[in-house]
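So the structure is just underneath, and the comments pick up after that.
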Amino acid sequence: MKEFVRALGYAWPYRVRLAGSLVCALAVALFWGANISAIYPLLTVLLENKTLVSWTDDAIARAKTEIQSLEVEIESRQQEWRREQDAKERAGLAALIARREDSLVHRQRELRLYERVRPTVAYLSPKDPFQTLCLVMGLVFVGMVVKSVFDFLQEYLSGYVVQAAVFDLRNEFYRRTIALDLAHFSSTGTHALTAHFTNDIESLTGGLRALLGKVLLEPLKAISCLAFACWFNWRLTVVTLLLF
């Protein structure tokens, strides 16, 4: 492990391309999560026969209902807090009121966002559910194409860094080897040096390629999918994770 960490130092001179590979990996993860999350609007259009405008109107109505319910509950809890005499119960009610107020602020922010984008959605989106379905599928296709482009760039940049780092490592190994005395060659043997030149370097190349490729990309994709899932319904996401 220590030698592998030392070998990572040979990738540092190519840190600009390595940073570009990281940016592309982040873009791939973002589009991956967005494309997976597109299943929700597709199902909404297919099963409920809705357009984007009707979906936005339903979201606005739902947010208003939740805001009204939270305001009523907060007012009721505040009156209960004023009547309560026990200090422990008052502290519990105060914490509950604070949580409900946080939820209220979140719902109000959500409502303002829906109301802000509603005119744009009404102006740009199709009025027919089938046309809406075609639009969503077209956006998913474009997202897949863009994701594939970033995926290719990430593979290219990470592969370039790996090959350049291994090339420098081979040159360094060669320079150190020819500087050894003849006694070392007699005691070690050429077969051991050949194994270092071929098998060990190839194993190191595979490790670097995995680290800068899949090990870097796959966790970002998982985090992106979880983030979009929590954005849609964090409670269902938490329950699903607990079951898994």
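The values are calculated or read from the model by the stated rules, or taken from the named source; none is laboratory data. Owing to the predicted nature of the structure, the values given are computational and were not obtained by experimental measurement. In this analysis, Cβ positions are derived from the backbone assuming ideal geometry, glycine residues included, and neighbour counts consider all displayed protein chains. Remember, those area values only see protein heavy atoms, side chains included, never the ligands or the DNA or RNA. Shrake-Rupley method; radii C 1.70, N 1.55, O 1.52, S 1.80 Å.
Does E155 satisfy the condition of being surrounded by 11 or more Cβ atoms within 10 Å (Cβ to Cβ) and modelled with pLDDT under 85? In short, no.
If I filter the stretch 200-244 down to residues being small (G, A, S) and assigned to a helix (DSSP H, G or I), which single residue comes out as most open to solvent (accessible area, probe 1.4 Å)? Break it down into steps so the answer makes sense when it comes.
Of the stretch 200-244, the ones small (G, A, S) are 203, 206-207, 210, 213, 222, 224, 227, 229.
Narrowing the set further to residues that are assigned to a helix (DSSP H, G or I) leaves 203, 206-207, 210, 222, 224, 227, 229.
On the way: S203: 85, G206: 32, G207: 25, A210: 44, A222: 53, S224: 14, A227: 59, A229: 36 Å².
Of everything passing the filter in the stretch 200-244, S203 is most open to solvent (accessible area, probe 1.4 Å).
Can you report the number of residues in the stretch 123-152 which are open to solvent by 90 Å² or more (accessible area, probe 1.4 Å) and under 27 Å from the mean Cα position of the chain (by Cα)? Full working, then the answer.
Narrowing the stretch 123-152 to residues open to solvent by 90 Å² or more (accessible area, probe 1.4 Å): 123-124, 127, 130-131, 137, 139, 141, 144, 152.
Checking the rest, the ones that are also under 27 Å from the mean Cα position of the chain (by Cα) come to 137, 139, 141, 144, 152.
Residues flagged as open to solvent by 90 Å² or more (accessible area, probe 1.4 Å) and under 27 Å from the mean Cα position of the chain (by Cα) within the stretch 123-152 amount to 5.
Grab the helices (runs of 4 or more DSSP H) fully contained in the stretch 1-108, keeping just those with 2 or more residues being modelled with pLDDT of 85 or more.
Working: elements: 2-8, 15-37, 39-48, 52-83.
Output list reads 15-37, 52-83.
In this structure, V117 does satisfy being out of contact with any helix residue (DSSP H, G or I) (no Cβ under 6 Å at 6 or more places or on another chain), under 28 Å from N35 (Cβ atoms) and of a type in the set (V, I, T).
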